[in-house]
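Peer 1: Starting off with a structure, shown below.
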Amino acid sequence: MTVYEKNTNEDPGRAALKAVRAAKSARTATAPELQGLLPDVTGDEKNKLPKARQGVDNDVIINSVLELNPPPAPGRRVELQLLWDDVPVGIPVPATTPIPPMQTLVLPSVFTTAEGPHRLGYQVKYVNDVWNFDTPVQIIIDKTAPNRDAQAAVIELPAEYADLRIPKERLDANPVIELTIPLHSDRRTGDVAGVFMGASYPGAFIGSYQTPDDGTSAMTVNLSKHQVENGREGERIIYYQWIDRVGNEAQQPS
């Protein structure tokens with residue numbers, strides 16, 4: 001009588017590949033996440049790196065690494081490396097297959113010193129084969145102060161102060177003076193103007209205005225009677241200085 005037996009002695013290499021395929025989850029490879037970026041807001045570019053994080057080493061986290069095709073067997077050594085403007089940078093990070101999630105790589109300080117948009121991606125290398133993450137993230141390094149770092153226009157007083165005098169009679173009649181900050185050429189959401197008054201630089205802080213968007217709405221700060229009377233009589237200067245979300249400070253009006 002002939003006995004038929006099911007062959008359970010599968011080829012080890014083929015079994016390893018099956019194990020890798022079985023271990024694959026439904027997760028999709030995620031983009032590299034540069035740590036410390038400013039929150040995205042309407043009215044300003046996305047993925048801006050604050051001034052304090054420029055020129056220093058920054059961590060980059062990859063939550064889910066791209067899958068290699070064809071997949072190597074489990075336990076094989078691979079290397080992950082960042083790409084900055086499509087060029088490998090930083091120290092490669094070793095891993096073993098299947099590649100665990102939450103990999104942390106370091107973007108060296110030198111690559112966040114040059115202004116402009118940059119492409120952040122990564123690659124995975126196995127033996128002589130290289131796989132690139134195919135949708136790099138645009139990172140903005142902004143070093144230009146509001147008003148494109150040009151001299152700003154002087155602050156504007158109400159029409160009744162066209163003579164540039166603030167006599168007691170006017171203050172008694174209207175104890176609040178509305179100061180208008182001229183619109184700058186490149187207004188962005190989150191720009192903050194600090195307004196000051198004094199006999200010379202630096203003056204005493206009066207108040208601040210933060211732009212809610214990149215539009216053209218009026219930008220005003222109130223100067224109170226108390227603030228005017230709190231200083232000495234005589235000539236004063238009233239000026240403002242912009243600082244953007246990144247931390248770039250603009251020039252003061254002369």
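The values are calculated or read from the model by the stated rules, or taken from the named source; none is laboratory data. Please read all numbers here as calculations on a predicted model, not as lab measurements. Don't worry about glycine lacking a Cβ; one is built from the backbone with ideal geometry, like all the others, and counts go over all protein chains shown. Each accessible area value is taken on the protein alone, full model and side chains, heavy atoms only, with ligands, DNA and RNA left out. Shrake-Rupley method; radii C 1.70, N 1.55, O 1.52, S 1.80 Å.
Peer 1: Identify, please: which residue in region 194-216 is in contact (Cβ under 8 Å) with a residue 40 or more places away in the chain and within 16 Å of Glu178 (Cα to Cα) and is, among those, farthest from the chain's Cα centre (by Cα)?
Peer 2: So the residue we want is Met197.
Peer 1: Which residue is most open to solvent (accessible area, probe 1.4 Å), if the candidates are limited to region 202-254 and must be modelled with pLDDT under 90 and within 18 Å of Asp149 (Cβ to Cβ)?
Peer 2: Among them, the one singled out is Ser254.
Peer 1: Condition check: within 27 Å of Gly190 (Cα to Cα), of a type outside the set (Lys, Arg) and open to solvent by less than 60 Å² (accessible area, probe 1.4 Å). Does Asp44 satisfy that?
Peer 2: In short, yes.
Peer 1: Would you mention how many residues in region 54-84 are open to solvent by 30 Å² or more (accessible area, probe 1.4 Å) and in contact with a helix residue (DSSP H, G or I) (Cβ under 7 Å, 6 or more places away or on another chain)?
Peer 2: So the count comes out to 4.
Peer 1: Those residues that are out of contact with any Ser or Thr (no Cβ under 8 Å at 6 or more places or on another chain) and assigned to a loop (DSSP other than H, G, I, E, B), I need them from region 58-89; list them, please.
Peer 2: Listed by number, the residues that qualify are Val65, Leu66, Glu67, Asn69, Pro70, Asp85, Asp86.
Peer 1: Kindly list, by first and then second residue, each pair from a residue in region 82-96 that is touching a residue at least 40 places away in the same chain (Cβ under 8 Å) to a residue that is polar (S, T, N, Q), limited to pairs with Cβ atoms under 7 Å and residues at least 6 apart or on different chains.
Peer 2: Sorted first by the residue in region 82-96, then by its partner, the pairs are Leu83/Gln123; Leu83/Asn132.
Peer 1: Residues Val154, Val137: which one is open to solvent by 50 Å² or more (accessible area, probe 1.4 Å) and hydrophobic (A, V, I, L, M, F, W, C)?
Peer 2: The conditions single out Val154.
Peer 1: Got a number for residues in region 135-153 being over 22 Å from the mean Cα position of the chain (by Cα) and either under 19 Å from Val110 (Cβ atoms) or among the acidic types (Asp, Glu) (or both)?
Peer 2: Adding up the residues that qualify gives 0.
Peer 1: Can you confirm whether region 109-123 contains a residue that is in contact with a helix residue (DSSP H, G or I) (Cβ under 7 Å, 6 or more places away or on another chain), open to solvent by 60 Å² or more (accessible area, probe 1.4 Å) and of a type in the set (Asp, Glu)?
Peer 2: no
Peer 1: Could you tell me which of the residues Arg187, Arg165, Arg170 is in a loop (DSSP other than H, G, I, E, B) and surrounded by 11 or more Cβ atoms within 10 Å (Cβ to Cβ)?
Peer 2: None of the others qualify; the one that does is Arg187.
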